[in-house]
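Have a look at the structure below, then the notes.
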Amino acid sequence: MNSGYIKLWRKSLDSPTWQNIKLWRFWEWCLLKASHKKHNQLVGFQSVTLLPGQFVFGRNIASKETGLSPQTVRTCKNHFEKSGKLTSKTTNKYSVITIVNWDTYQNNTNESTSKTTNNQPSSNQQVTTNKNDKECKEYIYCKFLLKDGSEYHVKEKYLSELKNHYPDVSLEDELNKLCAWCFSNPDKRKTSRGARRFIGSWMSRAQEKALANKVTYQKSYDNMTEEEMFPDVDR
């Protein structure tokens, strides 16, 4: 845990998490604590098997290492669980946190390909470059588990289609929730054939909820007095 690195994606700047310094600090701490490969960790006298993207969580230790209060740590953890970015499994002695979609954002596939390419003859360089360009175009935004145990990949092109159809939905949050739901409900997972219909139904409900919240907010705003709108203005 004291060596190595994690990948930090530039699109994080567009995430609401970036706007909240406490949430961002806790999230980066989780990424740094997560295991990069399967291993066993001793907790007390018990050996705990951790998979990539998992780590043993303790609120007091998290508070000490992040500089956040225990209450803030709990609030941040609950936020990311509700948004589908984290899942946790708690026993009477410890908790294990799992970062959803860890493999999507932290895998070493591209690095391995790069290292292999550097050792190949120069005549293959252009072919490899074209292949990498194609892989970039087929960038996988996230993936979720299907009924047969395989994964469905939500790619950038399909993400753009979703943005056009559901403009009022926070797609990042909803896709994280969807992935976490599939992870936690193996008996209710979908088939590859029904995956898009499943996503569409999920986003339709999110769109309806977002529009309802917008109407409620507008009604509340319309009924506000001038004093409530501008509380700091001297009259």
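The values are calculated or read from the model by the stated rules, or taken from the named source; none is laboratory data. Since we're looking at a predicted model, the values are computed, not measured. Ideal geometry is used to build each Cβ from the backbone, glycine not excepted, and the neighbour counts take in all protein chains shown.
Are any of the residues in the range 42-49 assigned to a helix (DSSP H, G or I) and either in contact with a Ser or Thr (Cβ under 6 Å, 6 or more places away or on another chain) or over 19 Å from Asn176 (Cα atoms) (or both)? Within the range 42-49, not a single residue is assigned to a helix (DSSP H, G or I) and either in contact with a Ser or Thr (Cβ under 6 Å, 6 or more places away or on another chain) or over 19 Å from Asn176 (Cα atoms) (or both). Those residues that are closer than 15 Å to Arg205 by Cα, part of a loop (DSSP other than H, G, I, E, B) and either in contact with a strand residue (DSSP E or B) (Cβ under 9 Å, 6 or more places away or on another chain) or of a type outside the set (S, T, N, Q) (or both), I need them from the range 140-178; list them, please. Correct list: Tyr166, Pro167, Asp168, Val169. Contact annotation: residue pairs with Cβ atoms under 8 Å, 6 or more positions apart or on different chains, pairing a residue in the range 20-36 that is closer than 14 Å to Lys7 by Cβ with a partner that is surrounded by 16 or more Cβ atoms within 10 Å (Cβ to Cβ) and of a type in the set (D, E, K, R), are Trp27/Lys85.
Without any contact (Cβ under 8 Å) to a residue 40 or more places away in the chain, surrounded by fewer than 18 Cβ atoms within 10 Å (Cβ to Cβ) and not aliphatic (A, V, I, L, M), is that true of Lys93? Judged against the criteria, Lys93 is not a match.
Residue-wise test of (1) over 17 Å from Ser15 (Cα atoms); (2) free of Cβ contacts under 8 Å to residues at least 60 places away in the same chain.
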residue	(1), (2)
Tyr141	no, yes
Glu151	yes, yes
Val154	yes, yes
His165	yes, yes
Val169	no, yes
Leu175	no, no
Asp187	yes, yes
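Among the conditions (1) touching a His at 6+ places or on another chain (Cβ under 8 Å); (2) at pLDDT below 90; (3) aliphatic (A, V, I, L, M), Ala180 misses just one, which is (1).
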